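Here is the structure we will look at.
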Ligand SMILES: Cc1cc2nc3c(=O)[nH]c(=O)nc-3n(C[C@H](O)[C@H](O)[C@H](O)COP(=O)(O)OP(=O)(O)OC[C@H]3O[C@@H](n4cnc5c(N)ncnc54)[C@H](O)[C@@H]3O)c2cc1C
């Protein structure tokens, strides 16, 4: 294969999750002092791409839509062995839902030119919708295999992909162009070797704005997003006490009524 | 003045931390039990770049400097201090070769060390006393085309995991009567003696090397004949003390994390004990010591990278950090109450490990001898 594109999203570091708060007014995550990491499943997607690079010398391109502050996260992806990275960053992209995000990624991929494979994580830790990979494949009119738990290279342009399905696994033969989204069973991501960290300093990290993609404003950002968040609530955990009084029969009846009332049965 | 680490240094830290947490953590229990260094981790560490971090690229190394090395050793030490202990001595062997070796010696010995095919060690200390280097009794005599070495070296890190040793022995009288040699493990008369059973840094191998009419080829002298004291002092002061300091710094970071976690989770009188002023003061002290030590360690390594003379600064970083780690480990154990001395809790290991760093690489007192000299130098009359 000649080119493998890996879509990467920076997400809040899971180690800092107990410090994450929701702003009660703006309903956004307060990310101050919270580190960013490569979405853990995206590391498996990157590892798959790097295995193809190791075996066939494919160029591995990182693609990420994120604010400019995400650059260190992309540098880390380069230090894992990717050849170059493109950060899609523009105030016009802010507020994009999964569809608008997929449109932006698709436009960037078209601009990059020919590719063999797109590797994604199966879902992100923060959004967890798992919608972007399929929407992206649809927009690019290429097949898409989700829940990939194993990828084997057969020929130069042929893959055997194991897909996790509800009752077990399915082995599929697949040929590029293709989009795969990976689960954590797929491989063990490598660590950045010090030599790669040094080499990554010379690798290109480009920033593309909407000036490069020329997408209509009605298709991107908040206005281009059909999903509108109505409200965001923090799950309240706790116990409610209720004391039922009366003789045993009465209490039992009250209890049954209460259970019905709460819709538990 | 710029105290900010570069993106490169942050990435080195992150990568080492991920490696240590995922690959070294599962091995700690076995290290504690057996006292053996996990040799099979050598290759993965080489792949990451740890074994060859300061070796020049032309000899298969990464070619990074001492600040980078300190950060990497610190991160290893945060997870398990036995690892950076072993690695820093391994680096000492590489540094000795790189600073004093001939082109042939460098070409022959540095690449396998950088690639983690074997470990290296530096043998100075003898049973007659480590601080009194000049009192050493091992001898080397040139006979025909071979050096015949006789003597016994003790407390040598990586003694039983190294295929070749840098050995200092006497070739004449006085300070100019010491020379350094490269001894291969399989040389006639080279033997590994007893393995020590330490109460801390358990996973780092320490033991005896015995040279019993040991024969090494004439060309295996490292540096000039009579230059052995220079080899020992430069290697111990530069890579040894900064390495020991970085190991203790990692322990101190871990002490801070363990103490902070426990103080925030342990509830007494309806509140985490962190809310008690006495405990928060302990935390404040540990926090401050950690910062002092980090600045001392980074400065000493930075000075090495700038080619500045830094023997006082490396002694300061070493003796202060090792001692602070032990002091703070005691406080962290006190914060833990009885839990602190239970084997299930990490803090007890941190105290044991910290204690072992104090005499290794030059005792605290010897550190002060160096520093006392530096402190008084401006007042000495010519
Ligand atoms: C874990 C570990 C690993 C080691 N690894 C190595 C290694 O790889 N290679 C190697 O060569 N050695 C190694 N050593 C040995 C180490 O360098 C010596 O332990 C150290 O130099 C002290 O020597 P000693 O133990 O013989 O103590 P001694 O020199 O006998 O000292 C005893 C006491 O006297 C004090 N003292 C000595 N001289 C003075 C003075 N002038 N002024 C004030 N106080 C003084 C000391 O500080 C100490 O408190 C290692 C030691 C340990 C614990």
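Some notes on this structure:
- Residue identified as closer than 18 Å to residue A:51 by Cβ and out of contact with any helix residue (DSSP H, G or I) (no Cβ under 7 Å at 6 or more places or on another chain) among A:196, A:138, A:175: A:175
- Flag for residue B:33 being surrounded by fewer than 17 Cβ atoms within 10 Å (Cβ to Cβ) and within 13 Å of chain A (Cβ to nearest Cβ): no
- Qualifying residue in the range B:255-267 (condition: at pLDDT 95 or above, over 19 Å from the mean Cα position of the chain (by Cα) and not in a helix (DSSP H, G or I)): yes
- Within the range B:347-382, the residues that satisfy the criterion of being outside any loop (DSSP other than H, G, I, E, B) and within 7 Å of the ligand (Cβ to nearest atom) are B:356, B:359, B:364, B:365, B:366, B:369.
- Screening residue A:188 against (1) more than 11 Å from chain B (Cβ to nearest Cβ); (2) surrounded by fewer than 21 Cβ atoms within 10 Å (Cβ to Cβ); (3) within 19 Å of the chain's Cα centre (by Cα) leaves a single unmet condition, (1).
- Residue-level analysis places residue A:132 among those that are away from every other protein chain (no Cβ under 14 Å) and crowded, with 16+ Cβ neighbours inside 10 Å.
Each row is one residue, and each column tells you yes or no for (1) within 14 Å of chain A (Cβ to nearest Cβ); (2) surrounded by fewer than 24 Cβ atoms within 10 Å (Cβ to Cβ); (3) over 30 Å from residue B:348 (Cβ atoms).
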site: B:55; (1), (2), (3): yes, no, yes
site: B:71; (1), (2), (3): yes, no, no
site: B:75; (1), (2), (3): yes, no, no
site: B:84; (1), (2), (3): no, no, no
site: B:105; (1), (2), (3): no, yes, yes
site: B:111; (1), (2), (3): no, yes, yes
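- Extreme residue, farthest from the chain's Cα centre (by Cα), among residues of the range B:36-53 that are at the interface with another protein chain (Cβ under 10 Å from one of its Cβ atoms) and in a loop (DSSP other than H, G, I, E, B): B:49
- Any chance residue A:202 is within 14 Å of another protein chain (Cβ to nearest Cβ), over 24 Å from residue B:44 (Cβ atoms) and free of Cβ contacts under 8 Å to residues at least 40 places away in the same chain: yes
- Test: residue in the range B:8-24 that is within 11 Å of chain A (Cβ to nearest Cβ) and within 17 Å of residue B:304 (Cα to Cα): yes
- Condition check for residue B:134: outside any strand (DSSP E or B), touching a residue at least 60 places away in the same chain (Cβ under 8 Å) and either in contact with a strand residue (DSSP E or B) (Cβ under 7 Å, 6 or more places away or on another chain) or outside the structural domain of residue B:186 (by TED's automatic domain parsing) (or both): no
- Summed over the range B:91-129, residues that are touching a helix residue (DSSP H, G or I) at 6+ places or on another chain (Cβ under 9 Å), within 16 Å of the ligand (Cβ to nearest atom) and either under 12 Å from residue B:61 (Cβ atoms) or not in a helix (DSSP H, G or I) (or both) total 15.
- Single unsatisfied condition, residue B:344 versus (1) out of contact with any helix residue (DSSP H, G or I) (no Cβ under 8 Å at 6 or more places or on another chain); (2) more than 27 Å from residue B:93 (Cβ to Cβ); (3) buried (at least 16 other Cβ atoms within 10 Å of the Cβ): (3)
- Some residue of the range B:263-286 being under 29 Å from residue B:36 (Cα atoms) and touching a helix residue (DSSP H, G or I) at 6+ places or on another chain (Cβ under 7 Å): no
The values are calculated or read from the model by the stated rules, or taken from the named source; none is laboratory data. Everything numeric in this text was worked out from a predicted model, so none of it was measured. Ideal geometry is used to build each Cβ from the backbone, glycine not excepted, and the neighbour counts take in all protein chains shown.
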